[in-house]
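Here the structure comes first, spelled out in structure tokens, and everything after it is commentary.
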Amino acid sequence: TGNPLVDSVTEHRPSSPEAYWTYLHYAGYVALLGPVALLCRWGWPSEAAVFVLVLGVATQFFSLKMSRLMILMGPSCSALAGAALGFAFDIGVAPIWRTIEGPLQIESENAHIRLYNSVPLRFVRLAVAAIMCWRGFPFAKDFYETSFNTVRWSLSHPQIMTKNKKGEIVDDIREAYWWLRDNTPEDARVLAWWDYGYQIAGIANRTTLADGNTWHMEHIGLIGMALSAPLPEGHRIARHLADYVLLWKEDVGKSTHMAKIANSAFPGHCEDIKCDQYGVFRSGSPTPMMRDSLVWYMNRAGSGGFDRTIGDTMYKEVYVSRHSRVRIAKILDVSEESRLWAGDPRNHQCDAPGSWYCPGQYPPLLRQLMGWEAVENNPEAALHQHEYKRRVKEQLASAPGPNGPGIPEGSYLNS
């Protein structure tokens, strides 16, 4: 899509053929006959038929754009499949109604219809309908059982506990959330990627900085900046926002999206829009930008990384899950001034007194740090902006130069 936040979410990718089979099963094939059934009725299609056809086209279009919109295919697929089956049923039972009601007036005017409704052809049509029902029953039974089992086992049991290849239960995520719940103050704030916001709030019962309902691109970019920027730079942001930081092992792979989203909100964080300077070389080693980030530092994803004697003055690791899948660190030197300011109800900017909808605002010290307010006797903000500008210049200088005519544009990771 070109939007780093949208592109970072797996569900925003097009639905795969396997997804259509998994969630629609045989109904997806039968629905293809629905438009034919609706258009083959006598006379013009009704308004209801036109609505179902338009709904089917619209839901198919959007499901091809985003896999999570596959859910929209449910009503349209059911309606189209029902139209096809209903049309087939009407054809199958028509000989019975013809026998009960007697000849139609149109038969005296049309020899083809009179032949179609003759006694021999009526027996043939009934026989064909009976065979189709007999052959289709196993498919109908399979469809019912698959639908029942899909709802029962796949869609009704969201879980954070998994099994590894040895058959052992991996309960790292729940244990980490419970550790947060049992070992941190009730008003503790947790810095984590927005994917885990709902789980941290619901299972750990702790305040999180973002979740799946965070609409503010700049705020998610700020979190991405704290996690993907060089350690001192990210710490100066984190100390004004949170008390703890929680990272999954999988965040090393996700952190490329964190850097891209941060760069889209704060141009200059990366050298170019692709954020090519944050990633992993073909050899498997991280780029200097990734190597100095908090994500790499906490996960110890390989050799190298930021100097731990310096890093340990900013973050103190307090929890590592049993299988090292989740790590929690305490943010040192948290700004008490920013903490008290953010906790003051007068600064919440709610849409009405006592309302739950409070967009809020950043503490003044953080706004000065990011350059959103004039710096007044704030050495930390001055240092942060100076080092940020220096890093931007260094990254521009290290970017690969333009290639000659006819040669594709260069890449930092492949240079």
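So is Ile169 β-branched (Val, Ile, Thr) and under 30 Å from Arg68 (Cα atoms) or not? I'd like the intermediate steps shown before the answer.
Working: β-branched (Val, Ile, Thr): yes; under 30 Å from Arg68 (Cα atoms): yes.
When the stated conditions are applied, Ile169 passes them.
Examine segment 139-148 for a residue that is polar (S, T, N, Q), surrounded by 13 or more Cβ atoms within 10 Å (Cβ to Cβ) and under 30 Å from Val30 (Cα atoms), and state whether such a residue exists.
Yes, segment 139-148 contains at least one residue that is polar (S, T, N, Q), surrounded by 13 or more Cβ atoms within 10 Å (Cβ to Cβ) and under 30 Å from Val30 (Cα atoms).
Kindly provide the set of residues from segment 245-290 that are part of a strand (DSSP E or B) and either without any contact (Cβ under 8 Å) to a residue 40 or more places away in the chain or open to solvent by less than 20 Å² (accessible area, probe 1.4 Å) (or both), ordered by number. Can you show your working first?
To start, the set of residues in segment 245-290 that are part of a strand (DSSP E or B) comprises 245-248, 280, 286.
Scanning segment 245-290 gives Val245, Leu246, Leu247, Pro286.
Looking only at segment 312-331, filter to residues that are without any contact (Cβ under 8 Å) to a residue 40 or more places away in the chain and assigned to a strand (DSSP E or B); which one of those is least open to solvent (accessible area, probe 1.4 Å)? Quick ask: steps written out before the conclusion?
Here is the first cut: in segment 312-331, the residues without any contact (Cβ under 8 Å) to a residue 40 or more places away in the chain are 312-313, 316-317, 320.
Still in the list and also assigned to a strand (DSSP E or B): 316-317, 320.
Numbers: Lys316: 118, Glu317: 76, Val320: 57 Å².
Per the criteria, the residue is Val320.
Looking at segment 352-379, which of the residues that are assigned to a helix (DSSP H, G or I) and touching a Ser or Thr at 6+ places or on another chain (Cβ under 9 Å) is least open to solvent (accessible area, probe 1.4 Å)?
Here is the first cut: in segment 352-379, the residues assigned to a helix (DSSP H, G or I) are 364-369, 379.
Filter once more, so that each one left must be touching a Ser or Thr at 6+ places or on another chain (Cβ under 9 Å): 364-366.
Details: Pro364: 39, Leu365: 39, Leu366: 0 Å².
Among those residues, the one meeting the criterion is Leu366.
With the requirement that a residue be surrounded by fewer than 16 Cβ atoms within 10 Å (Cβ to Cβ) and not basic (Lys, Arg), what does segment 171-188 give you?
So the first thing to find is which residues in segment 171-188 are surrounded by fewer than 16 Cβ atoms within 10 Å (Cβ to Cβ), and the list is 178, 181-183, 185-187.
Passing the criteria: Trp178, Asp182, Asn183, Pro185, Glu186, Asp187.
Considering only residues that are of a type in the set (Gly, Ala, Ser) and surrounded by fewer than 17 Cβ atoms within 10 Å (Cβ to Cβ), look in segment 189-227 and name the one that is farthest from His269 (Cα to Cα). I'd like the intermediate steps shown before the answer.
Initially, segment 189-227 is screened for residues of a type in the set (Gly, Ala, Ser), giving 192, 197, 201-202, 204, 210, 212, 221, 224, 226.
Now restrict to residues that are surrounded by fewer than 17 Cβ atoms within 10 Å (Cβ to Cβ): 201-202, 212.
Numbers: Ala201: 29, Gly202: 33, Gly212: 24 Å.
The qualifying residue farthest from His269 (Cα to Cα) is Gly202.
Residue-wise test of (1) touching a residue at least 12 places away in the same chain (Cβ under 8 Å); (2) not β-branched (Val, Ile, Thr).
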position: Leu53; (1), (2): yes, yes
position: Leu64; (1), (2): yes, yes
position: Asp90; (1), (2): no, yes
position: Ile113; (1), (2): no, no
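Out of (1) touching a strand residue (DSSP E or B) at 6+ places or on another chain (Cβ under 7 Å); (2) closer than 19 Å to Lys316 by Cβ; (3) acidic (Asp, Glu), the odd one out for Asp182 is which?
Among (1) touching a strand residue (DSSP E or B) at 6+ places or on another chain (Cβ under 7 Å); (2) closer than 19 Å to Lys316 by Cβ; (3) acidic (Asp, Glu), Asp182 violates only (1).
Got a sec? Which of Val334, Val295 is open to solvent by less than 20 Å² (accessible area, probe 1.4 Å), among the β-branched types (Val, Ile, Thr) and either assigned to a helix (DSSP H, G or I) or under 23 Å from Leu222 (Cα atoms) (or both)? Steps first, answer last, please.
Values: Val334 fails: open to solvent by less than 20 Å² (accessible area, probe 1.4 Å).
Only one candidate passes the filter, namely Val295.
Name the residue that is farthest from His269 (Cα to Cα), counting only residues in segment 386-396 that are surrounded by fewer than 16 Cβ atoms within 10 Å (Cβ to Cβ) and of a type outside the set (A, V, I, L, M, F, W, C).
Only one residue fits best here, namely His386.
Does segment 181-195 contain any residue that is assigned to a helix (DSSP H, G or I), charged (D, E, K, R) and either at pLDDT 90 or above or under 21 Å from Val334 (Cα atoms) (or both)? Step through it out loud before you land on a result.
Going residue by residue through segment 181-195, those that are assigned to a helix (DSSP H, G or I) are 181-183, 194-195.
Cutting the leftovers down to charged (D, E, K, R) gives us 181-182, 195.
In the following step, the residues that additionally are either at pLDDT 90 or above or under 21 Å from Val334 (Cα atoms) (or both) were identified as 181-182.
Among the residues of segment 181-195, at least one is assigned to a helix (DSSP H, G or I), charged (D, E, K, R) and either at pLDDT 90 or above or under 21 Å from Val334 (Cα atoms) (or both), which makes the answer yes.
Which one of the conditions (1) outside any helix (DSSP H, G or I); (2) open to solvent by 40 Å² or more (accessible area, probe 1.4 Å); (3) without any contact (Cβ under 8 Å) to a residue 60 or more places away in the chain does Thr309 fail to meet, given that it meets all the rest?
Among (1) outside any helix (DSSP H, G or I); (2) open to solvent by 40 Å² or more (accessible area, probe 1.4 Å); (3) without any contact (Cβ under 8 Å) to a residue 60 or more places away in the chain, the lone unmet condition for Thr309 is (1).
How many residues does segment 17-71 hold that are surrounded by fewer than 17 Cβ atoms within 10 Å (Cβ to Cβ) and in a loop (DSSP other than H, G, I, E, B)?
Matching residues across segment 17-71 total 7.
The values are calculated or read from the model by the stated rules, or taken from the named source; none is laboratory data. Note that the structure is a prediction, hence the values are computed from the model and not measured. With ideal geometry, Cβ positions are generated from the backbone for all residues, glycine too; neighbour counts draw on all protein chains shown. Calculation scope for accessible area: heavy atoms of the full protein, side chains included, ligands and nucleic acids excluded. Shrake-Rupley method; radii C 1.70, N 1.55, O 1.52, S 1.80 Å.
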